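Engineer: Below: one structure in structure tokens.
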There are 2 protein chains.
Amino acid sequence: MGFPKHLTSAIIRLELPKNDGGLILTKNLYLSCDPYMRSRMSRSTEGSYVDSFTPGSPISGNGVSRVLDSSLPGFKKGDLIWGVINWEEYSLIKDTSSLIKIQHIDVPLSYYTGILGMPGVTAYVGFYEICSPKKGDTVFVSAASGAVGQLVGQFAKLYGCYVVGSAGSKEKVDLLKNKFGFDEAFNYKEEQDLNAALKRYFPNGIDIYFENVGGKMLDEVLRNMRHHGRIAACGMITQYNLDQPEGIQNLFLIVAKRIRMEGFLVFDYCHLYPKFLEMILPLIHEGKITYVEDIVEGLENAPAALIGLYSGKNVGKQVVAIAHE
Amino acid sequence: MGFPKHLTSAIIRLELPKNDGGLILTKNLYLSCDPYMRSRMSRSTEGSYVDSFTPGSPISGNGVSRVLDSSLPGFKKGDLIWGVINWEEYSLIKDTSSLIKIQHIDVPLSYYTGILGMPGVTAYVGFYEICSPKKGDTVFVSAASGAVGQLVGQFAKLYGCYVVGSAGSKEKVDLLKNKFGFDEAFNYKEEQDLNAALKRYFPNGIDIYFENVGGKMLDEVLRNMRHHGRIAACGMITQYNLDQPEGIQNLFLIVAKRIRMEGFLVFDYCHLYPKFLEMILPLIHEGKITYVEDIVEGLENAPAALIGLYSGKNVGKQVVAIAHE
């Protein structure tokens, strides 16, 4: 398998079939491009936590849809939903178990692919549950302008931490410093020596590393972690397209520095979503949290948007707008 | 620096100097050879958590001594102590802050270098505090017949876990199965394919890995960990003598499998020593825990004993007996 390259056409009647046994007909509005989707493009099962895509069928991912018609109890025409949907303009959905009805519409609907969706809960769980933050901790976030990183940095600032982010362009570094309020930020592509860069921003070491990238950056971070530091392993995007992952050479420092490194997946924390919404909605409304999206228009541009994630083409959360209604 | 090679002689008068300002004179009985000592033979400070040895001075480590004379309050002639002592036959000690007076002498005194000393507390803390064990968990211990591993395996068995150990000889594997009560054990040197070996003993995966070796074994264990598994990183002895550590390639599995990997050092848990003694002494007396030592006689054989650790020459806890009194 490889990245999705082709769009195919099929005819769908915009009405529910008779005696359908319970379906909803949706118009799909926004699609989410997320790094984890790479693992669904492989047949390998080792370490995969979601099913592989089925070649020839539409790929699926998180998205936002409008219900056009429903023969299922609990859904009615006009409802807005988010959850796992197919990458297509309209869908007939039988299994609604992953779908959540949207209650708050005084925010951009696309937010349900990001700050109010999976990336938002990921940042929330990763920072508050996995990082064990303390006021004054030094926090480093890689891929810091991405869907999750931008939120982790802002959560950490609100918590009273010193926060530095890395990203892959001047534009992103500017965003980190000027829009998201990171204390410092750097463009990892312009650093000859990542160890030196980290020492520059963390002369006394890193208490918390929010890990999104893996590889060389992780190796250099390990050298700069403080004793009893925590690494929340959210993803390792630099490794997903390699035939052979890069070896991490400094892992033995986990012992000497008593580091806790913990992987986590948002799927284990769905029960926290209501609590998360309660926290995040006021922060959005009061302007205390901001969120940057990179919205590409049109389903035809979705494959390139997804592929672009892995080379960091997106600036902020990558969204595909199929329709604004 | 390198491994210790030479013994030197010096004269010490077996009496306290006058107006010494507070000293104890000790006869040193048992020395402990521990893997962490390798890090003290390097000038590099990165990741080291104990001071380097001073070339030309005796090296130091844990050991057991008899007090011959004392001008310090709290110590008197005849006392037995354990803690950090010099590798020499007699010592004059000013700083007693690392020394603990031995209260229980109805056990072999050498045990204070092992089951009743640092390795014992390491196994206790590592298993009960870091591994978060549950009855029925599948547990894998590497370097399983060593000073710490043999205890971890026995603790896990007492806890109701399924326990498998790896070691480097048939003799050690026999010990694991027949003396320490491990469910299974294997000689890693005879396995062409560590992944296959682990799959043989853990067809449904590993819940807890007690990590003593690092390198290739860790990489293959990561492939065999279950979701939400725990790795207690106690040491990585295979890496200590390499110029360049081996890269760990499967670390990204920490995310997909939500693994927690946590390094720890016994020095952070000294306060648990009384509680530990309360647990372990009855187990020893009732024969519910057994401990195998590899005792080398004579200070002159201490350097080879220490060096032997890193190629697994020792069978059980490596001790040097300077004198049995």
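Engineer: If you take the residues of region A:226-245 that are modelled with pLDDT of 95 or more and open to solvent by 10 Å² or more (accessible area, probe 1.4 Å), which of them is farthest from the other protein chains (Cβ to nearest Cβ)? I'd like the intermediate steps shown before the answer.
Structural biologist: Keep residues of region A:226-245 that are modelled with pLDDT of 95 or more, which gives A:226-234.
Cutting the leftovers down to open to solvent by 10 Å² or more (accessible area, probe 1.4 Å) gives us A:226-228, A:230, A:234.
On the way: A:Arg226: 12, A:His227: 8, A:His228: 8, A:Arg230: 10, A:Cys234: 7 Å.
Checked region A:226-245; the qualifying residue farthest from the other protein chains (Cβ to nearest Cβ) is A:Arg226.
Engineer: When both residues are 6+ apart or on different chains and their Cβ atoms are under 7 Å apart, which pairs have a first residue that lies in region A:193-220 and is in contact (Cβ under 8 Å) with a residue 12 or more places away in the chain and of a type in the set (Lys, Arg), and a second that is open to solvent by 40 Å² or more (accessible area, probe 1.4 Å) and in a loop (DSSP other than H, G, I, E, B)?
Structural biologist: Taking only residues 6 or more apart or on different chains, the pairs are A:Lys216/A:Glu246.
Engineer: Restrict the check to region B:162-171 and report whether at least one residue is part of a loop (DSSP other than H, G, I, E, B) and open to solvent by 40 Å² or more (accessible area, probe 1.4 Å).
Structural biologist: From region B:162-171, those part of a loop (DSSP other than H, G, I, E, B) are B:168-169; that's our starting set.
Adding the requirement that they be open to solvent by 40 Å² or more (accessible area, probe 1.4 Å) leaves none.
No - not one qualifying residue is present in region B:162-171.
Engineer: Which condition breaks for B:Val221 when tested against (1) closer than 26 Å to A:Met236 by Cα; (2) within 12 Å of another protein chain (Cβ to nearest Cβ)?
Structural biologist: Failed condition: (2).
Engineer: Going by what's in this entry, would B:Ser132 be described as outside any helix (DSSP H, G or I), under 17 Å from B:Gly312 (Cβ atoms) and touching a strand residue (DSSP E or B) at 6+ places or on another chain (Cβ under 6 Å)? Steps first, please.
Structural biologist: On the way: outside any helix (DSSP H, G or I): yes; under 17 Å from B:Gly312 (Cβ atoms): no; touching a strand residue (DSSP E or B) at 6+ places or on another chain (Cβ under 6 Å): yes.
In short, no.
Engineer: Would you call A:Val50 modelled with pLDDT under 90 and under 27 Å from the mean Cα position of the chain (by Cα)? Walk me through how you get there before you give the answer.
Structural biologist: Details: modelled with pLDDT under 90: yes; under 27 Å from the mean Cα position of the chain (by Cα): yes.
Yes: the conditions hold for A:Val50.
Engineer: Could you tell me which residue of region B:58-104 is farthest from B:Ser32 (Cα to Cα), considering only residues that are touching a residue at least 24 places away in the same chain (Cβ under 8 Å) and hydroxyl-bearing (Ser, Thr, Tyr)?
Structural biologist: Result: B:Ser71.
Engineer: Filter region A:251-273 for residues that are at the interface with chain B (Cβ under 7 Å from one of its Cβ atoms) and among the aromatic types (Phe, Trp, Tyr) and give the result. Steps first, answer last, please.
Structural biologist: If we filter region A:251-273 for residues that are at the interface with chain B (Cβ under 7 Å from one of its Cβ atoms), which is where we start, we get A:251-265, A:268.
Scanning region A:251-273 gives A:Phe252, A:Phe264.
Engineer: Going through A:Gly146, A:Gly126 one at a time, which residue ends up being within 17 Å of the chain's Cα centre (by Cα), modelled with pLDDT of 95 or more and open to solvent by 10 Å² or more (accessible area, probe 1.4 Å)? Walk me through it before giving the result.
Structural biologist: Values: A:Gly126 fails: open to solvent by 10 Å² or more (accessible area, probe 1.4 Å).
Matching residue, one of A:Gly146, A:Gly126: A:Gly146.
Engineer: OK, next. If I filter region B:275-289 for residues that are under 14 Å from the mean Cα position of the chain (by Cα) and open to solvent by less than 20 Å² (accessible area, probe 1.4 Å), do I get at least one hit?
Structural biologist: Looking through region B:275-289, none of the residues is under 14 Å from the mean Cα position of the chain (by Cα) and open to solvent by less than 20 Å² (accessible area, probe 1.4 Å).
Engineer: I'd like to verify a number: residues in region A:84-119 that are in a strand (DSSP E or B) and open to solvent by 30 Å² or more (accessible area, probe 1.4 Å), how many?
Structural biologist: Residues of region A:84-119 in a strand (DSSP E or B): A:84-86, A:90-93, A:100-101.
Those left that are additionally open to solvent by 30 Å² or more (accessible area, probe 1.4 Å): A:84, A:86, A:90, A:92, A:100-101.
Qualifying residue count for the region: 6.
Engineer: Does A:Val139 count as over 17 Å from A:Tyr291 (Cα atoms) and surrounded by 24 or more Cβ atoms within 10 Å (Cβ to Cβ)? Show your work before the answer.
Structural biologist: Working: over 17 Å from A:Tyr291 (Cα atoms): yes; surrounded by 24 or more Cβ atoms within 10 Å (Cβ to Cβ): yes.
Judged against the criteria, A:Val139 is a match.
The values are calculated or read from the model by the stated rules, or taken from the named source; none is laboratory data. For clarity, every value in this text was computed on a predicted model and none was experimentally measured. Cβ coordinates were reconstructed from backbone atoms using ideal geometry, including for glycine residues, and neighbour counts include every protein chain displayed. For accessibility, only protein heavy atoms count, side chains too; no ligands or nucleic acids. Shrake-Rupley method; radii C 1.70, N 1.55, O 1.52, S 1.80 Å.
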